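This report refers to the structure that appears directly beneath it.
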Amino acid sequence: MINTANGMMSTSSSSANAQSPGLKTYFKTPEGRYKLHYEKTHPSSLLHYAHGKTVTQVTLAHLKDKPAPSTPTASSSSFGASTGVKSAAARWLGSGNGSRALSFVGGNGGTKSISSTSRIGSLGTSSSSTSMTNTNFDGKGTYLISNVGDAIFISDLNSQEKDPIKSIHFSNSNPVCHAFDQDAKEGHDLLIGLNSGDVYSVSLRQQLQDVGKKLVGAHHYNKDGCVNNSRCTSIAWVPGGDGTFVVAHADGNMYVYEKNKDGAGDSSFSVIKDQTQFAVAHARYSKSNPIARWHVCQGSINSIAFSFDGAYLATVGRDGYLRVFDYPKEQLVCGGKGYYGAVLCCAWSMDGKYILTGGEDDLVQVWSMEDRKVVAWGEGHNSWVSGVAFDSYWSSPNSDGTAETVMYRFGSVGQDTQLLLWDLEMDEIVVPLRRCPPGGSPTYSTGSQSSHWDNVSPLGTLQPASSIRDVPKISPVVAHRVHTEPLSGLIFTQESVLTVCQEGHIKIWMRPGIAESQSSNTELLSSSAKDKLLLPSKIGGSSYKQ
């Protein structure tokens, strides 16, 4: 339980990451107070650290309406999205032996193995003889996918239940990165990259439908590291790429895959002649998968991110450089070196004009695509910056949407356990920020940058590290300690801000006004339910069963 008296939080949970009584359950911003709504965690009995601990990352997955009804295969019982999955999770999630990859752990700790052609891809189900199929559950909803230890956990974002509704375990390696394609037309929409270099694609909806009972077929790429045996570091779907995705590795290479190819052909590439130079090699045969290799840098690629239109791909790495590529043309456009050390994370603004980076120099850097250089440094973290993101749902409380000056809100988290929020006003931008439409993200006007680039640095130039005197400094509008463990990421939604620590504990902070409106709605529903309970007794004296 969480006690929010006096704005302080204490917990009686047996979680390995018990919260400190000194953490507040809210933080103040110029537009109001963000409140801790609920948390997501995982049963410690489900974890196995045989392969060492990994840093937790979180992916937000929004499933739309089911394209077609599924054929009932077992039980005729129907479960709602808010009850069926929770009930299945409560009955089937328990301590498991972790002896199978992608195994669904049964309450008795056993697994039923099913033959597989892959060492890491062996799958299992619960050994219980009771079948449970959620035949009417179409999967519609919003979910959180997170990796902790040797497991992938899937949680229902809109449920206040702490525990996940599904766990997937890997026997010979740890999952380290994942990505979801909200616009996938058919087939698989979830990617999972492993520490071994292996990559899987699966259908999230099928997994949710078969929770606790059935296996979900997985496509396996780079099987047993046959193409690249270095660790997967980041993975991303290509926006509008119709099933194309990119996997970055710890050896400085990226590979482009097509999800509908089985990769049975020859997947070898030519030898890299110069490790210091960017180079792209294509597969020798049309049936090969991956279809291309991008050699980006020496050392690890730590993170990759596509601009929202898919035109540009940003990478950051151990060598301290941000690199921006024209993805369709396979060309290096621009980039530059951070102030100090490795760069760990990056994120694009919705309009594609700015890129955020964070890393070992404790700085949040703002890079301009128009100027091809860093234009602002954010100072406020006391340790490495591990996650950055723009808040595309935020609009300035003092703006009516007609001003020519665009203000950006973005956030950052670090190993100092702090969440920082920043406001950035760029006077030179003349494209007005359009307010967020109901249920969606704000939209922006886009223009050609090529005319401005003619007067800047040559195409493909990597800028040296800027002098500390040459870059404007900005300070955060909010600095709040949100976890007791170092943080690894954050996500902005229309209703909340999500923060996650390296140990896999997630907190959902509701935006100003959202929590109050939900509380009032709850009170209205509660009073309405009381009226319904009293009405039958007044009329006929019959009892009401909930």
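The values are calculated or read from the model by the stated rules, or taken from the named source; none is laboratory data. From a predicted model like this one, the values you see are computed outputs, not experimental measurements. With ideal geometry, Cβ positions are generated from the backbone for all residues, glycine too; neighbour counts draw on all protein chains shown. Quick note on the areas: whole protein, heavy atoms, side chains included, nothing else; ligands and nucleic acids left out. Shrake-Rupley method; radii C 1.70, N 1.55, O 1.52, S 1.80 Å.
Reported count of residues in the stretch 220-248, each being within 21 Å of Asn174 (Cα to Cα), more than 18 Å from the chain's Cα centre (by Cα) and of a type outside the set (Lys, Arg), is 10. Just checking, does the stretch 235-249 include any residue being among the polar types (S, T, N, Q) and modelled with pLDDT under 90? For the stretch 235-249, residues among the polar types (S, T, N, Q) and modelled with pLDDT under 90: absent.
The single residue among Ala342, Ala376 that is touching a residue at least 60 places away in the same chain (Cβ under 8 Å) and open to solvent by less than 20 Å² (accessible area, probe 1.4 Å) turns out to be Ala376. Has the stretch 151-158 got at least one residue that is among the hydroxyl-bearing types (Ser, Thr, Tyr), under 25 Å from Asp65 (Cα atoms), open to solvent by less than 30 Å² (accessible area, probe 1.4 Å) and touching a strand residue (DSSP E or B) at 6+ places or on another chain (Cβ under 8 Å)? Yes, the conditions are met somewhere in the stretch 151-158. Please tell me if Asn382 is open to solvent by 50 Å² or more (accessible area, probe 1.4 Å), in a loop (DSSP other than H, G, I, E, B), modelled with pLDDT of 95 or more and not small (Gly, Ala, Ser). Here the answer is yes, as Asn382 does meet what is asked.
Could you say which residue among Tyr255, Tyr312, Tyr327, Tyr285 is touching a His at 6+ places or on another chain (Cβ under 8 Å) and closer than 29 Å to Ser203 by Cα? The match here is Tyr255.
Highlighted here are the strands (runs of 3 or more DSSP E) found entirely within the stretch 168-268 that include at least 2 residues which are buried (at least 23 other Cβ atoms within 10 Å of the Cβ): 175-180, 190-194, 199-202, 232-237, 244-249, 253-258.
Of the residues in the stretch 272-330, how many are crowded, with 20+ Cβ neighbours inside 10 Å, in contact with a Pro (Cβ under 9 Å, 6 or more places away or on another chain) and more than 14 Å from Cys346 (Cβ to Cβ)? Residues flagged as crowded, with 20+ Cβ neighbours inside 10 Å, in contact with a Pro (Cβ under 9 Å, 6 or more places away or on another chain) and more than 14 Å from Cys346 (Cβ to Cβ) within the stretch 272-330 amount to 1.
Selection within the stretch 130-159: residues that are at pLDDT 90 or above, farther than 15 Å from Gln207 by Cα and not aliphatic (A, V, I, L, M). The member of this set that is nearest to the chain's Cα centre (by Cα) is Asn147.
Looking at Met350, Met407, just one residue is open to solvent by 30 Å² or more (accessible area, probe 1.4 Å) and in a strand (DSSP E or B), and that residue is Met407.
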